[in-house]
Every structure is written in C-alpha cells, then in structure tokens.
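Report on the following structure.
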Amino acid sequence: MINFRIAVKSFIINNENKLLLLKRRSNNVHKPGAWDIPGGRLELGEDPFLGLKRETKEETNLDIEIISPINVQHFTRDDDQKITMLIFLCKPSHNNLKISEEHIEYSWVNLNQKETIPSWLNEPCRNFQRYFSE
C-alpha cells in the first residue's frame, strides 16, 4: 500500500502584503528548523477547506478567509510519505496571532525578501504577484 496523504497550506497575506512564515521546531520530523507556512496533512476524507481552517487555527490562532488556490505541489517527504499539497491564498480575519508548540517563531515578510522565503514557495509567490497583487 502506498503511503500517501493530501496536505493543505495557508499562504496568508496581511493588509501590508506581507506573508506569514512560521519556524519549525528543531525536533520536527519533516524539515526541522525550517521556515514554513501554516497547514498540514488532512485526515482521511476531510474537507480540504475545513482542514485548512483547522490546521491554521491550531498553528496560529488565526481565523482565515480562503481566497483562492494558488499552487499545487507533489513531493516525497524525508520519511518516504508521498504528499500532494494544495496551497491556498488566505487573508487573516484578525491579528491575534499566537503560534502553537509546533513552531518557535513567526515573521511577516515582504515577498521581495527572497533570501528569507523558502525556495519551495517561489512559485506561489510568483503566482500571487502575477494574479492577485495590485
């Protein structure tokens, strides 16, 4: 049997057009210490929109408005699990951000800060700037 899951991620842009990044704990199984965006793997059969809102709330305490899909990626994790990841452009409903124990730090970054943003987010950043930015 193939070890496969669907994951969802929130590409959250605030009113200043900055992207929310979270830093993973150093003991995280997948990419320890790396910068990431909120989200995670869905439960089997879980609605992707509800799962995205659940994961984002758990990791950031933010309620979000889902605007649109912005990117799809397929990869194999370090633990050999195959993932299809759906990335959605989102807006926060409030600014009461509080990160979960899964992360140690957060940052709102300008999309032009290429050195700060993980390379796997290059395509979603380009898509945002091409189709959604003013």
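Restricting attention to region 29-69, which residues are part of a strand (DSSP E or B), among the aliphatic types (A, V, I, L, M) and either over 17 Å from TYR106 (Cβ atoms) or touching a His at 6+ places or on another chain (Cβ under 8 Å) (or both)?
The answer is ILE66, ILE67.
Counting only residues that are among the acidic types (Asp, Glu) and within 16 Å of LYS18 (Cβ to Cβ), which one in region 69-115 is surrounded by the fewest Cβ atoms within 10 Å (Cβ to Cβ)?
By that ranking, first place goes to GLU115.
How many of the residues in region 26-46 are loosely packed, with under 14 Cβ neighbours inside 10 Å and basic (Lys, Arg)?
1
Within the group LEU86, LEU44, which residue is over 20 Å from ARG24 (Cα atoms) and of a type outside the set (Val, Ile, Thr)?
Of LEU86, LEU44, the one residue that is over 20 Å from ARG24 (Cα atoms) and of a type outside the set (Val, Ile, Thr) is LEU44.
Please determine, by comparing only the residues of region 116-134 that are more than 16 Å from the chain's Cα centre (by Cα) and outside any helix (DSSP H, G or I), which one is surrounded by the fewest Cβ atoms within 10 Å (Cβ to Cβ).
GLU134
Give the residues of region 1-24 that are more than 11 Å from VAL109 (Cα to Cα) and in a strand (DSSP E or B), sorted by residue number.
Within region 1-24, PHE4, ARG5, ILE6, ALA7, VAL8, LYS9, SER10, PHE11, LYS23, ARG24 qualify.
Is it the case that some residue within region 50-61 is among the β-branched types (Val, Ile, Thr) and under 12 Å from the mean Cα position of the chain (by Cα)?
yes
FYI, it's all coordinate maths here, none of it is from the lab. Everything quoted here is computed from the prediction, not taken from an experiment. Note that we place each Cβ from the backbone using ideal geometry, even for glycine, and neighbour counts take in every protein chain shown.
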